[in-house]
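Asker: Supplied in structure tokens, the structure appears directly below.
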Amino acid sequence: MPRVRTTVDGVTYEGEVEARLLLTHYLRDRLGKVGTPIGCDTSNCGACTVLLDGMSVKSCTMLAVQADGSEITTIEGLDGQAAASANGEAAGHPVQKAFREFHALQCGYCTPGMIMAAVDLLRDNPDPSDTEIREGLEGNLCRCTGYVNIVRAVQSAAAELRGTPS
């Protein structure tokens, strides 16, 4: 069996994996990163989106062996990267905070992937228009919302990341 070495949410993991093991199953079943949901296993929904070397990827479209040598950030790691609040709890990434503030989720199933895709979008485009946000998130499906609050949340997070009021 092939060996893989990855850094996931700042921790290095190394071990043997089956050559056909999907990255999403590696993250969930081997590493316990259950915040990355298994949506469709066909790359249609985007719920399993993670950051691989800073770029958003649908983890159901990659094999774990393809991630060998890569740095992966899951929704759990994104939360851990945020500064702690005064009471010691993680404050959350600006995109996570905006999703809560603007009620940009309903059932929450798509939320981890939507947030990870939004983080990647804002890395490349710190001041996106509504249309650019919708295009940037088009590979992530939400069956519960009309996307209006999602777009508002991304706009707000973009403003916070730029240091300007929304």
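Here, each number is a calculation from the coordinates, and none is a lab measurement. None of the values given here were measured: they were computed from a predicted structure. All Cβ positions, glycine included, derive from the backbone under ideal geometry; neighbour counts span all protein chains shown.
Asker: Using 0.36 nm per residue of separation minus the Cα-Cα distance, give me the extension gain between Arg162 and Met55 in nm, one decimal. Could you put the intermediate results ahead of the total?
Answerer: Values: separation 107, 0.36 × 107 = 38.52 nm, distance 1.97 nm.
Additional length available on full extension: 36.6 nm.
Asker: Which shape class applies to the chain: rounded if a/c is under 1.5, otherwise prolate when a/b exceeds b/c and oblate if not, where a ≥ b ≥ c are the square roots of the Cα gyration tensor eigenvalues?
Answerer: Details: a/c = 2.02, a/b = 1.53, b/c = 1.32.
Since a/c reaches 1.5 and a/b is larger than b/c, the shape of the chain is classed as prolate.
Asker: Something else now. With a point put 7 Å past each Cα toward its Cβ, work out how far Ser43 is from Glu135 in nm, to one decimal.
Answerer: Distance between label points: 2.1 nm.
Asker: With a cut-off of 8 Å between alpha carbons and a minimum separation of six or more residues, what is the relative contact order of the chain in percent?
Answerer: On the way: 313 pairs, mean separation 36.7, N = 166.
It comes to 22 percent, rounded to a whole number.
Asker: Rounded to whole Å, give me the distance from the Cα center of segment 122-166 to that of segment 3-30.
Answerer: Using only Cα atoms to place each centre, the spacing works out to 30 Å.
Asker: Next question. At a threshold of 8 angstrom on Cα-Cα distance, excluding pairs fewer than six apart, so keeping six or more, what relative contact order does segment 83-162 reach in percent?
Answerer: Values: 84 pairs, mean separation 33.9, N = 80.
Once normalised by length, the contact order is 42 percent.
Asker: Report, in debye and to the nearest 20, how large the dipole of segment 3-77 comes out about its Cα centre when Lys and Arg carry +1 and Asp and Glu carry -1 on their Cβ.
Answerer: Details: 7 positive and 10 negative charges, 27 e Å.
The calculated dipole for segment 3-77 is roughly 120 debye.
Asker: Mind ordering 30-40, 93-103 by average Cβ neighbours within 10 Å, highest first?
Answerer: Those peptides, ordered most packed to least, come out 93-103, 30-40.
Asker: Moving to a separate point now. Just need log10 I(q)/I(0) for segment 83-162 at q = 0.14, 0.17 Å⁻¹, Debye formula, equal scatterers on the alpha-carbon atoms, no solvent, rounded to two decimals.
Answerer: Rounded to two decimals, the profile gives -0.41, -0.60.
Asker: Please turn the phi angles of segment 17-33 into ³J(HN,Hα) values with the Karplus equation 6.51 cos²θ - 1.76 cosθ + 1.60 (θ = phi - 60°), one per residue in order, whole Hz, x for glycine and proline.
Answerer: Karplus-based 3J(HN,Hα) across segment 17-33 equals 9, 5, 4, 9, 6, 6, 4, 4, 6, 4, 5, 6, 7, 8, 10, x, 8 Hz.
Asker: Continuing with the same structure: In a GNM of the chain with a 10 Å cut-off on Cα contacts, which of Tyr109, Tyr13, Tyr26 has the highest mean-square fluctuation?
Answerer: Of Tyr109, Tyr13, Tyr26, the Gaussian network model singles out Tyr13 as fluctuating most.
Asker: Just to confirm a number: summing +1 for Lys and Arg and -1 for Asp and Glu over residues other than Asp127 whose beta-carbon lies under 14 angstrom from that of Asp127, what do you get? Let's see the in-between values first.
Answerer: Working: positive: Arg123, Arg162; negative: Asp124, Asp130, Glu132, Glu160.
Net local charge, Asp127 excluded: -2.
Asker: For labels at Met1 and Arg143 in the simple 7 Å Cα→Cβ model, what's the distance in nm?
Answerer: 3.3 nm
Asker: Amide H to amide H, which residues 5 or more places from Ser56 or on other chains are under 5 Å from it, using H placed in the peptide plane?
Answerer: Hits under the 5 Å cutoff: none.
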